[in-house]
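J.: Next up is a structure, given as structure tokens.
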Amino acid sequence: MIKKLRGITWNHTRGYVSVVAASQRYMELHADVEITWDKRSLQHFADYPIQKLAEEYDLLIIDHPWAGFAADKNILVPLDQVLPSEFMADQAANTVGKSHLSYNFDGYQSALAVDAATPVASYRADLFANDGLSLPETWEDLIALAKQSKVAFAGIPIDTLMNFYMLCYTQGEEPFISKESVISTDIGLQVLDQLRELTNYCTPEMLDWNPIKVMEAMSTRNDIYYCPFAYGYSNYARRGYSKYVVSSTDMVSIGDHGKLRSTLGGTGLAISVKCAQMDDALNFAMFTASAGIQKTIYFESGGQPGHRAAWLDEEVNRQTQNYYKDTLPALDRAYMRPRYSGYFHFQDHAGDVIRDYIRYGSNPKEVLAKMDSLYRESLKEDHP
């Protein structure tokens with residue numbers, strides 16, 4: 001009898017081919033198991049309610065802000081309670097930044113961090129070399145390069161919001177500490193001004209770009225030299241993946257605050273509580289998240305591993321122009337955004353408020369007030 005598992009992931013090589021390859025190898029080792037995967041858009045991956053997916057799928061690749069909702073609603077299997085303690089200890093010890101912790105909400109481990117990412121800086125080394133330019137090291141350097149129309153970053157609402165968090169956190173204030181406001185007025189106004197100034201020097205089309213579109217533009221065109229912060233994709237540093245190789249590194253420093261501390265991303269492998277083949281699902285999850293698979297089959301099939309052993313592996317780095325070693329410091333200091341049950345009500349709307357301000361301008365104090373209102377609403381109500 002064939003035991004079937006259905007999975008749902010997102011539609012990029014990094015998110016889809018990696019888990020399909022791991023599944024194929026797992027099925028070769030377990031002839032009585034069949035694993036199939038569907039895929040959804042990156043936007044759906046970020047905001048589509050996981051309770052609906054968990055009704056239909058056994059295996060889910062999820063975004064960690066869903067951790068609080070999953071714990072509150074008991075939608076996903078608490079892996080800390082069912083997987084071997086030795087395995088879970090290895091996952092925690094070999095996390096990339098707070099990736100493993102990001103799926104743990106009040107002790108409820110809703111997923112394994114099979115993928116790790118945060119916004120990092122990316123650049124076209126060939127274009128910098130041809131023009132005799134040096135990579136920017138400070139925020140002032142970045143603005144100067146942007147004034148030459150050589151800079152772009154992801155400007156859709158969700159990424160704009162993540163950049164807002166980044167600039168607040170780096171410059172001394174962690175968002176969401178208060179129950180009344182997202183951030184202080186002084187820092188909030190400063191960050192809105194910084195984002196608007198930088199955006200004004202960049203191509204307007206980037207306000208409709210997600211990180212994948214930024215990487216696609218950089219790897220196929222010759223007018224974008226540098227992206228100061230967008231969720232990293234090691235795929236574009238690999239030979240043959242795109243027309244031009246895009247290298248990545250750590251981000252610029254700002255003022256006296258050191259290098260930017262971007263907002264943690266990545267994806268986790270979760271299991272629906274309604275899965276009928278639980279033992280096979282758990283075994284597959286451990287297989288996929290193991291160091292051996294993460295730094296070989298998973299990575300070699302386009303994945304961006306979540307296990308630290310892969311990030312330090314010499315062969316993994318050789319194939320990606322040292323993407324992993326060069327960006328690991330940014331991962332290790334990244335900010336972990338809120339994950340409480342109602343958080344998505346805020347995230348789904350606040351980015352539009354900031355992006356509209358950056359694009360069209362308005363009263364920045366009203367922008368902060370609207371964000372605070374959304375925040376308070378998210379705390380009061382359980383928004384699925």
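J.: Within the bounds of region 96-109, is there any residue that is at pLDDT 95 or above, within 20 Å of PHE284 (Cβ to Cβ) and part of a helix (DSSP H, G or I)?
T.: Checking region 96-109: at least one residue is at pLDDT 95 or above, within 20 Å of PHE284 (Cβ to Cβ) and part of a helix (DSSP H, G or I).
J.: Return the total of residues in region 321-353 being over 21 Å from TYR48 (Cα atoms) and open to solvent by less than 10 Å² (accessible area, probe 1.4 Å).
T.: The total comes to 7.
J.: Grab the helices (runs of 4 or more DSSP H) fully contained in region 44-89, keeping just those with 1 or more residues being at pLDDT below 95 and loosely packed, with under 15 Cβ neighbours inside 10 Å.
T.: 50-56
J.: Hey, can you tell me all the residues within region 259-273 that are farther than 30 Å from LEU83 by Cα and open to solvent by 30 Å² or more (accessible area, probe 1.4 Å)?
T.: Within region 259-273, LYS259, ARG261 qualify.
J.: Go through region 199-244 and count every residue that is open to solvent by less than 60 Å² (accessible area, probe 1.4 Å) and not polar (S, T, N, Q).
T.: Residues in region 199-244 being open to solvent by less than 60 Å² (accessible area, probe 1.4 Å) and not polar (S, T, N, Q): 24 in total.
J.: If I go through region 110-126 residue by residue, how many of them are outside any strand (DSSP E or B) and not charged (D, E, K, R)?
T.: 6
J.: Return the residues of region 182-193 that are open to solvent by 20 Å² or more (accessible area, probe 1.4 Å), touching a residue at least 60 places away in the same chain (Cβ under 8 Å) and within 12 Å of LEU167 (Cβ to Cβ); say none if nothing qualifies.
T.: LEU189, ASP193
J.: Another question about this same structure. Here is a list: TYR241, TYR233. Which entry is within 30 Å of LEU76 (Cβ to Cβ) and among the aromatic types (Phe, Trp, Tyr)?
T.: Result: TYR233 is the single residue among TYR241, TYR233 that is within 30 Å of LEU76 (Cβ to Cβ) and among the aromatic types (Phe, Trp, Tyr).
J.: So THR296 clears everything in (1) in contact with a helix residue (DSSP H, G or I) (Cβ under 6 Å, 6 or more places away or on another chain); (2) among the hydroxyl-bearing types (Ser, Thr, Tyr); (3) without any contact (Cβ under 8 Å) to a residue 40 or more places away in the chain except one condition, right? Which one?
T.: Here THR296 meets the rest and fails (1).
J.: Right, something else. For region 90-108, give me the residue count where each residue is open to solvent by 60 Å² or more (accessible area, probe 1.4 Å) and under 12 Å from LEU264 (Cα atoms).
T.: 2
J.: Of the residues ALA21, ALA31, only one is free of Cβ contacts under 8 Å to residues at least 24 places away in the same chain and open to solvent by 20 Å² or more (accessible area, probe 1.4 Å); which?
T.: Exactly one residue qualifies, and that residue is ALA31.
Residue-wise test of (1) in a loop (DSSP other than H, G, I, E, B); (2) among the aromatic types (Phe, Trp, Tyr).
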site: SER149; (1), (2): yes, no
site: GLY155; (1), (2): yes, no
site: TYR165; (1), (2): no, yes
site: CYS168; (1), (2): no, no
site: LYS179; (1), (2): yes, no
site: VAL182; (1), (2): yes, no
site: GLN194; (1), (2): no, no
site: GLU197; (1), (2): no, no
site: GLU216; (1), (2): no, no
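The values are calculated or read from the model by the stated rules, or taken from the named source; none is laboratory data. This is a predicted model, so every value here is computed, not measured. Please note: Cβ atoms are built from the backbone with ideal geometry, for glycine as well, and neighbour counts cover all protein chains shown. Note: areas computed on protein heavy atoms with side chains; ligands, DNA, RNA excluded. Shrake-Rupley method; radii C 1.70, N 1.55, O 1.52, S 1.80 Å.
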